[in-house]
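The values are calculated or read from the model by the stated rules, or taken from the named source; none is laboratory data. These numbers come from a predicted model, not from an experiment. Using ideal geometry, Cβ is built from the backbone for each residue, glycine included, and neighbour counts are taken over all protein chains shown. Just so you know, the surface numbers come from the protein's heavy atoms only, side chains and all, with ligands and any DNA or RNA stripped out. Shrake-Rupley method; radii C 1.70, N 1.55, O 1.52, S 1.80 Å.
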Amino acid sequence: VPAHRASAYRCATAVFDLYGADVAPLDQATRVVLARLANFPAMQTRASIRDALSALPSSLIAEELFVADRRTIVRGGRALRLTDYQFQLWRALNAGRSLAVAAPTSAGKSFVLQTFLTSLFEAQTPRRVAYIVPTRALITQVSTDIRRRFDQAAAERLEPVDVVTVPIETGQVVPDRAVFVMTQERLRMMLGAHPEFAASVVIVDEAHAVEGGA
């Protein structure tokens, strides 16, 4: 039950924040709760919790490793442990489903989306992705995050990928391997200049803020 999971998380982390590991091995107890919730990123926020695995009984170590293995993906030679929410989102994206996602920033959906974006370009083939944001300020933020992710992937022998943030004018070449991070208005201008333009994947960030007349 989601409400029970949320309560377990709040109780475990609140008690650890209040008492640490001075009164009891609360770092170990907190790690067990986080493992059972599959909230692996939270384990890395406190050093004592991060390092508590070796102090656990072998049965609890085995339990955590089993849960972690079922929610681990490998990208660019790196193993990434995802939360339940992130893993379900990852599976749905890779299944090619059309999704509408609503979740707080802390859920880590941007991390999954950007990891998914990188995976789309692992095959050395042409691909265009449209990433629609509601404001110009978000163009800068999102494009910077995506460029950073592709810069990391370049070290893993991923062919270069362009990140385009302004409409390409008529007569100019539209890159074959690119993510087009634009507002709805800019993308409409792009389509006006290049009616043949088509994206294989479309991501609409903060769709509630993208107005019809923007």
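A few notes on this one:
- Averaging the sequence gap over all C-alpha pairs within less than 8 Å and six or more residues apart, then dividing by the number of residues, gives region 1-63 a relative contact order of 27 percent.
- For region 26-105, the fraction of alpha-carbon pairs in successive 5 Å shells from zero, as %: 3, 14, 22, 21, 17, 11, 6, 4, 1
- Shape box of region 1-51 [Cα atoms, principal axes, largest first, Å]: 31, 18, 14
- Low-density loop cleavage sites - chymotrypsin sites (Phe, Trp or Tyr not before Pro) in region 26-103, where at most 10 other Cβ are within 10 Å (DSSP): none
- Carbon/sulfur fraction of accessible area - the chain, other protein chains in place, 1.4 Å, %: 54
- Per residue, the accessible area of region 1-141 comes to 58 Å² when a 1.4 Å probe rolls over the protein heavy atoms.
- Given R0 = 25 Å, the distance between the Cβ atoms of Ala47 and Arg147 translates into a calculated FRET efficiency of 0.20.
- Among 20-30, 107-117, sorting by the average number of other beta carbon atoms lying within 10 angstrom of each residue, highest first, gives 107-117, 20-30.
- In terms of its Cα atoms, region 144-193 spans 36, 21, 9 Å along the principal axes, sorted from long to short.
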